[in-house]
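Trainee: Can you keep this structure in mind? I'll have questions shortly.
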Amino acid sequence: PAHGGADVGGREVTPYLNSLRSEGLSFSTVIDQTAQGKTSDGEYLALNSQHPLPRGATSFLRADNHFLTLAHALAYQGYTTSSAHPYRRGFWNRAVLHPRYGFASSVFKRELGEGQFVGWGLADGLFFERMLPRLEAAAQPWFAFWVTLSLHHPYDEFPDNLVGDLELGELEGTRLGNYIQGMNYFDRSLQQLVKDLDERG
């Protein structure tokens, strides 16, 4: 499509993300470089600009390394750094790793509380809503690194109350259809987060 994103029945799945292409960097080809560390490898790649271990998980096997991450670089420039993930703090050793990755504070499921789940954790919109006051209170400038969960596999279902206005036809209720609904929901949630941040200056 001309907008660069997927569409279903002529409707964009991620209209907000597509609109951001004109404001920032956009990558049309992404190659999975994660290994046995899965999501933790993705975090390592994004924050350290290095490939993870080919076997095992860096988050466990090299947790005592001296890391120099994007968070460290930004903290050195005066940024307040924080991370958040609406899942257990010990999963992939995040409670140990995130401080070592340069985050001055980290929030996990215990701090975020209960609420509607999609997949493994809080629905993205609710997660963003709970994190918004923390961003508002943080000294500026800040760097916030959040791992969301509404797009996590297995895509067996998607809550009816979070479905947008996409008409999926024969894809409705399939794993692919549920993934598409999740992607559209994330897009709407992100748009609302940015709107809320703008309104708060």
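Laboratory data are not the source of any read-out in this text; all were calculated from the coordinates shown. The structure presented is a predicted model; accordingly, all values stated were derived computationally and were not measured. Every residue, glycine as well, gets a Cβ built from its backbone with ideal geometry; the counts of neighbours run over all protein chains shown.
Trainee: Residue under question is VAL118, and the condition is that it be over 30 Å from GLY10 (Cα atoms), under 18 Å from the mean Cα position of the chain (by Cα) and among the β-branched types (Val, Ile, Thr); does it hold?
Mentor: Spelling it out, it is not the case that VAL118 is over 30 Å from GLY10 (Cα atoms), under 18 Å from the mean Cα position of the chain (by Cα) and among the β-branched types (Val, Ile, Thr).
Trainee: Would you please name the residue that is nearest to ALA57 (Cα to Cα), looking only at residues in segment 67-115 that are among the aromatic types (Phe, Trp, Tyr) and over 17 Å from the mean Cα position of the chain (by Cα)? Steps first, answer last, please.
Mentor: Taking segment 67-115 as the starting set, the residues that turn out to be among the aromatic types (Phe, Trp, Tyr) are 67, 76, 79, 87, 91-92, 101, 103, 108.
Within this subset, residues satisfying the condition of being over 17 Å from the mean Cα position of the chain (by Cα) are 67, 76, 79.
Details: PHE67: 15, TYR76: 28, TYR79: 29 Å.
Within segment 67-115, the match that is nearest to ALA57 (Cα to Cα) is PHE67.
Condition check ((1) under 29 Å from GLN50 (Cα atoms); (2) assigned to a helix (DSSP H, G or I); (3) in contact (Cβ under 8 Å) with a residue 12 or more places away in the chain) across all residues:
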residue: ALA63; (1), (2), (3): yes, no, yes
residue: PHE67; (1), (2), (3): yes, no, yes
residue: SER82; (1), (2), (3): yes, no, yes
residue: ARG89; (1), (2), (3): yes, no, yes
residue: ALA95; (1), (2), (3): yes, yes, yes
residue: HIS98; (1), (2), (3): yes, yes, yes
residue: ARG110; (1), (2), (3): no, yes, yes
residue: ALA144; (1), (2), (3): yes, no, yes
residue: HIS153; (1), (2), (3): yes, no, yes
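Trainee: Considering segment 34-64 alone, what residues qualify as being among the acidic types (Asp, Glu) and closer than 18 Å to ALA84 by Cα?
Mentor: Going through segment 34-64, the residues among the acidic types (Asp, Glu) turn out to be 41, 43, 64.
Those that are among the acidic types (Asp, Glu) and closer than 18 Å to ALA84 by Cα: ASP41, GLU43.
Trainee: When segment 178-193 is examined, which residues are found to be in contact with a Phe, Trp or Tyr (Cβ under 8 Å, 6 or more places away or on another chain) and either surrounded by fewer than 16 Cβ atoms within 10 Å (Cβ to Cβ) or not acidic (Asp, Glu) (or both)? So that I can check it myself, show each step before the final result.
Mentor: Residues of segment 178-193 that are in contact with a Phe, Trp or Tyr (Cβ under 8 Å, 6 or more places away or on another chain), as a first pass: 178-179, 181-182, 185, 187-193.
Of everything in segment 178-193, those that are in contact with a Phe, Trp or Tyr (Cβ under 8 Å, 6 or more places away or on another chain) and either surrounded by fewer than 16 Cβ atoms within 10 Å (Cβ to Cβ) or not acidic (Asp, Glu) (or both) turn out to be ASN178, TYR179, GLN181, GLY182, TYR185, ARG188, SER189, LEU190, GLN191, GLN192, LEU193.
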